[in-house]
Amino acid sequence: MTVTASGYARQANELYRTPAWVTEALLRHYPVAGKNVWEPAAGHHDMADVLSGNGADVVTSDIVDYGRRHNGIHDFLKPSMNGRVVALNSDAIITNPPYGKGNRLAVKFARQALTFPTGLVCLLLTSKFDAGKTRVDLFRDNPKFAAKIVLLDRIAWFGEKTGTEDHAWYIWDCSHSGLSNRPARIIYETKVPA
């Protein structure tokens, strides 16, 4: 979440709770029933609870235990054998990663996620995250980039008041190898489906 323009104080470890409707918007297009999902920035398990409630077997991790017991305490950005083992057994990585100043942490998070042999990588990021020359390897030049789900409603990170940023889900189909002429789909979603 970008807090600079919104006037909100940055939360420790960029722990922002993801409302259920945000994850549900993803699941309308990418269902998880019967899939093994790794949520590596699980926080309070808001997203993990929605995923498991929709039939996924969810493994959670984060750099800190926030009162909900994770399957492991793990810094996703630091390579480890534990992370590789979890990824090998996962069909998808689905998370709202920390963004960092200028989205630098989010870029590292996306690149790290794409090194793992999972089927899907789904990251909740700012809607302008795919713009910029330094990220063409993630989007324009990446045959695994499959879709962008633009959230037409802004996310209320702090109660009822929304922030100043628009957000989107970015989806990579990592089971696809080789070049593809298939362009990424752009999907528009709202809090309440039409």
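The values are calculated or read from the model by the stated rules, or taken from the named source; none is laboratory data. Because the structure is predicted, anything quoted here is derived from the model rather than measured. In this analysis, Cβ positions are derived from the backbone assuming ideal geometry, glycine residues included, and neighbour counts consider all displayed protein chains. Side chains are part of the model used for accessible areas, which takes the heavy atoms of the whole protein and leaves out ligands, DNA and RNA. Shrake-Rupley method; radii C 1.70, N 1.55, O 1.52, S 1.80 Å.
Provide a single number: the residues in region 109-139 that are in a helix (DSSP H, G or I) and open to solvent by 60 Å² or more (accessible area, probe 1.4 Å). If you could, list the steps in order and put the result at the bottom.
Taking region 109-139 as the starting set, the residues that turn out to be in a helix (DSSP H, G or I) are 109-113, 133-135.
With open to solvent by 60 Å² or more (accessible area, probe 1.4 Å) added as a condition, the list becomes 111, 133-134.
Count: 3.
What pairs can you find where one residue is in region 27-41 and within 11 Å of residue 53 (Cα to Cα) and open to solvent by less than 60 Å² (accessible area, probe 1.4 Å), the other is of a type in the set (Phe, Trp, Tyr) and outside any loop (DSSP other than H, G, I, E, B), and their Cβ atoms are less than 8 Å apart, with a gap of 6+ or different chains?
From residues that are within 11 Å of residue 53 (Cα to Cα) and open to solvent by less than 60 Å² (accessible area, probe 1.4 Å), there are no pairs.
Assess whether residue 66 counts as being surrounded by fewer than 17 Cβ atoms within 10 Å (Cβ to Cβ), among the hydroxyl-bearing types (Ser, Thr, Tyr) and in contact (Cβ under 8 Å) with a residue 40 or more places away in the chain. Break it down into steps so the answer makes sense when it comes.
Working: surrounded by fewer than 17 Cβ atoms within 10 Å (Cβ to Cβ): yes; among the hydroxyl-bearing types (Ser, Thr, Tyr): yes; in contact (Cβ under 8 Å) with a residue 40 or more places away in the chain: yes.
So residue 66 passes the test.
If you go through region 70-108, how many residues are at negative phi, in a helix (DSSP H, G or I) and open to solvent by 10 Å² or more (accessible area, probe 1.4 Å)?
Selection size over region 70-108: 11.
Tell me, please, whether a residue that is in contact with a Leu (Cβ under 9 Å, 6 or more places away or on another chain), farther than 19 Å from residue 116 by Cβ, charged (D, E, K, R) and at pLDDT 75 or above can be found in region 163-170.
First, the residues of region 163-170 that are in contact with a Leu (Cβ under 9 Å, 6 or more places away or on another chain): 166-170.
Still in the running and farther than 19 Å from residue 116 by Cβ: 166-168.
Still in the running and charged (D, E, K, R): 166.
Checking which are at pLDDT 75 or above leaves us with 166.
Yes - at least one qualifying residue is present in region 163-170.
I'm checking my understanding of the structure. Among residues of region 15-48 that are β-branched (Val, Ile, Thr) and assigned to a loop (DSSP other than H, G, I, E, B), which one is farthest from residue 91 (Cα to Cα)? So that I can check it myself, show each step before the final result.
At the first step, the residues of region 15-48 found to be β-branched (Val, Ile, Thr) are 18, 22-23, 32, 37.
With assigned to a loop (DSSP other than H, G, I, E, B) added as a condition, the list becomes 18, 32.
Details: 18: 21, 32: 9 Å.
Of everything passing the filter in region 15-48, 18 is farthest from residue 91 (Cα to Cα).
Among the residues of region 140-150 satisfying the criterion of being assigned to a loop (DSSP other than H, G, I, E, B) and out of contact with any Gly (no Cβ under 9 Å at 6 or more places or on another chain), which is farthest from residue 191 (Cα to Cα)? Spell out the reasoning first.
To start, the set of residues in region 140-150 that are assigned to a loop (DSSP other than H, G, I, E, B) comprises 140-144.
Subset that is out of contact with any Gly (no Cβ under 9 Å at 6 or more places or on another chain): 140-142, 144.
Numbers: 140: 28, 141: 31, 142: 29, 144: 27 Å.
Filtering first and then ranking leaves 141.
Please verify whether region 5-17 includes one or more residues that are farther than 23 Å from residue 175 by Cβ, surrounded by fewer than 20 Cβ atoms within 10 Å (Cβ to Cβ), within 13 Å of the chain's Cα centre (by Cα) and modelled with pLDDT of 90 or more.
Scanning region 5-17 turns up no residue that is farther than 23 Å from residue 175 by Cβ, surrounded by fewer than 20 Cβ atoms within 10 Å (Cβ to Cβ), within 13 Å of the chain's Cα centre (by Cα) and modelled with pLDDT of 90 or more.
Could you please give the count of residues in region 106-116 that are over 11 Å from the mean Cα position of the chain (by Cα) and within 16 Å of residue 79 (Cβ to Cβ)?
Keep residues of region 106-116 that are over 11 Å from the mean Cα position of the chain (by Cα), which gives 107-108, 111-112, 114-116.
In the following step, the residues that additionally are within 16 Å of residue 79 (Cβ to Cβ) were identified as 108, 111-112, 114-116.
Looking only at that region, the number is 6.
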